[in-house]
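The values are calculated or read from the model by the stated rules, or taken from the named source; none is laboratory data. Everything quoted here is computed from the prediction, not taken from an experiment. Cβ coordinates were reconstructed from backbone atoms using ideal geometry, including for glycine residues, and neighbour counts include every protein chain displayed. Heavy atoms of the whole protein, side chains included, go into the accessibility calculation; ligands, DNA and RNA do not. Shrake-Rupley method; radii C 1.70, N 1.55, O 1.52, S 1.80 Å.
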Amino acid sequence: RGVCLVRALTRESLCMRIGYPCINRSIDCTASRTFRLASYTEERMRDTVQENLSCLEKILAYNVHHGMLFFRITSDLVPFASHPVCTFPWQEEFDRVFEIIGDYIRRYGFRISMHPDQFVLLNAQDTGVLQRSIADLGYQVQLLDLMGLDRSAKVQVHVGGVYGDKPAAIDRFVKRYDLLETAIRDRLVIENDERLYTLSDCLAIHELTGIPVIADTFHHSLYNTGEQFTALLDPVRKTWKTHDGIPMVDYSSQEPGKRVGAHALHIVAEDFRQFLKETSPADFDIMLEIKDKEKSALAALALARDDPRLVIGVPGDA
């Protein structure tokens, strides 16, 4: 724990942080407020973004207070930002707010990520889908840039569809990745899914692109080619360079009685303890994709309190 604390105090991206995505159910606000496209006005856009950013600040403060230093910022922070209807200069309007939020993130040693929705498909066959996907990635990368975050703040995507020909779909992804703007390539990471692309597929794509790989534990349990998750941790780690930070791992489990692939409503204590035991001493940050968000993250912190990898907070000067 002493080594991790020293690393945290010097702002090195090492050792394990635990967090949750997008929504905090314990505070009375959401950072993903939106409105109908047909009712778009610059005034509504300004008010909505202002409220969303204010709520994001409250969520981050809550997380600092409770020692949760990994957070996935909602893609809806700026609604319709990548849509042609958006003419409002939100970047200039809120540049100082983004700077303040970025300063806060760096002060307390947060790890930040973003995750576009399932309609962002770099290997899409439809040109319109591809153009919208690139525009959305550009928006999310711009958010992280406006906050002044380094390249360890990532935007994670799935590889995409198979479209009846997996090798061709992979080739299409690789070629389009190579054509992306450098700012997007610097932040993009891929993760395995539960039915189309395994961790081994993602590792193969890394060999062709250099893109870092996020290991999703739940997806791997549902779709793999026989490998133990722990056997892939070292190959996954090697896809992350120093400027990328330590690897990110998505963690969840099956909700009993629900369809296969339904994420758990609350963390299963014994399963999480076993996961920590099996993966030690590998360094990674854990994103809990569990339905009750911060409640499970708080439970996970308690379960991991004796894990020497854990960073639970960095003394601030505010």
Convex hull volume of the range 66-169 per residue (C-alpha atoms, cubic angstrom): 114 Å³
Using the Cα gyration tensor of the chain, the equivalent ellipsoid's semi-axes, largest first and to the nearest Å, work out to 28, 26, 19
In terms of modelled amide H atoms, which long-range or inter-chain residues lie less than 5 Å from the amide H of L122? none
Whole-Hz ³J(HN,Hα) for each residue in the range 83-92, computed from phi via Karplus 6.51 cos²θ - 1.76 cosθ + 1.60 with θ = phi - 60°, x for glycine and proline: what do you get? 8, x, 5, 7, 10, 6, x, 4, 4, 6
Give the residue list of trypsin sites (Lys or Arg not before Pro) in the range 247-318 that are DSSP loop and have at most 11 other beta-carbon atoms within 10 angstrom. K258, R259, R305
Between V155 and residues 5 or more places away or on another chain, the pairs with built amide H atoms under 5 Å apart involve M114, L188, V189
Could you work out what % of the accessible surface of the chain is carbon and sulfur, using a 1.4 angstrom probe and leaving DNA, RNA and ligands out of the count? 53 percent
Name the aspartates and glutamates eligible as straight-distance cross-link partners of K277: C-alpha to C-alpha under 13 Å, and not fewer than 8 places from it in the same chain. D306, D307
Report the Cα centroid-to-centroid distance between the range 168-206 and the range 42-105 in angstrom, as an integer. 27 Å
May I ask you to list the aspartates and glutamates whose Cα is less than 15 Å away from that of K291, ignoring any residue fewer than eight positions away on the same chain? D250, E255
Measuring with a 1.4 Å probe in the full set of protein chains, what accessible area per residue, in whole Å², belongs to the chain? 45 Å²
For K175, the lysines lying under 19 Å Cα to Cα, once residues fewer than eight places off in the same chain are dropped, come out as K166
Radius of gyration and Dmax over the Cα atoms of the range 135-202, both given in Å: 13.2, 41
Send over the semi-axes of the range 227-308's equivalent ellipsoid, whole angstrom and largest first, taken as the square roots of 5 times the C-alpha gyration tensor eigenvalues. 23, 15, 13
What order do you get for 236-245, 130-139 when each peptide is scored by the mean count of other beta carbon atoms within 10 Å, highest first? 130-139, 236-245
